[in-house]
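All of the numbers you see were taken from the coordinates with simple rules; none came from a lab. Note that the structure is predicted; figures quoted are calculated from it, not measured. Here Cβ is always computed from backbone atoms with ideal geometry, including for glycine, and neighbour counts include all displayed protein chains.
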Amino acid sequence: MTFYGDKFLRQRVFFEEWQKLIYDLGTHNMNFYDDYIGTVDILQLGAFESNDDRDRVTYAVRLYEVYPSTIGSMEYSYGANDQGVSIPITFNFRSWYNLTSGELADATIGKSFGDVPTIKASKDFGLFGGILDKLPPELKRTGRDVLNQVKRSVPIGRATGGRVFPPFL
């Protein structure tokens, strides 16, 4: 994405501070993933002639688990007087969702080409297989990480490289 910067470059400072939540320059430690991710809404604005309005959302997506990965360089030159500064920012994100699908008035975006098949899990093995699937996504990831850590720290986990046979875990 490219952002227009003001004379104090507050937009750049915002993303620099966000990046400081990822990596601490003083201690060289990485912070926890859940401490620096967020959501970003991207909105395309347009005008509808029939309604005689402007700045209405025509397309929108929401990025989940997003964080700035790269703050690009800005071009400065002696001859570029009274010109705006563009700040390029590259983001990483896990997934996205179209906020406007099915909500645009009188617009045909496309047709479906068949039913989406339902994929079912084969069989839940172990004591914790079904419990983790019932948790919210945030807790499911944490529970899976804790369970994997336990598998690796148990003596049988050390002997098998973290692999425990399905009847047990």
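By the count of other C-beta atoms within 10 Å, a proxy for reagent exposure, Tyr59, Tyr33 are ordered fewest to most as Tyr33, Tyr59. Stretching Phe3 away from Ser73 to a fully extended chain increases their span by 24.0 nm, per 0.36 nm per residue minus the current alpha-carbon distance. Compute the relative contact order of the range 8-65 as a whole-number percentage, counting only Cα pairs closer than 8 Å that sit 6 or more residues apart in sequence. RCO, the range 8-65: 25 percent. Using 1/(1 + (r/R0)^6) with R0 = 30 angstrom and r between the beta carbons of Tyr33 and Gln83, what's the FRET efficiency to the nearest 0.05? About 0.20, to the nearest 0.05. Shape class for the range 2-98, computed from the alpha carbon gyration tensor (a ≥ b ≥ c): oblate, with a/c not under 1.5 and a/b at or below b/c. Close amide H pairs (under 5 Å, H built 1.01 Å from N) link Thr58 with Gln44, Leu45, Gly46, residues at least 5 positions away or on another chain.
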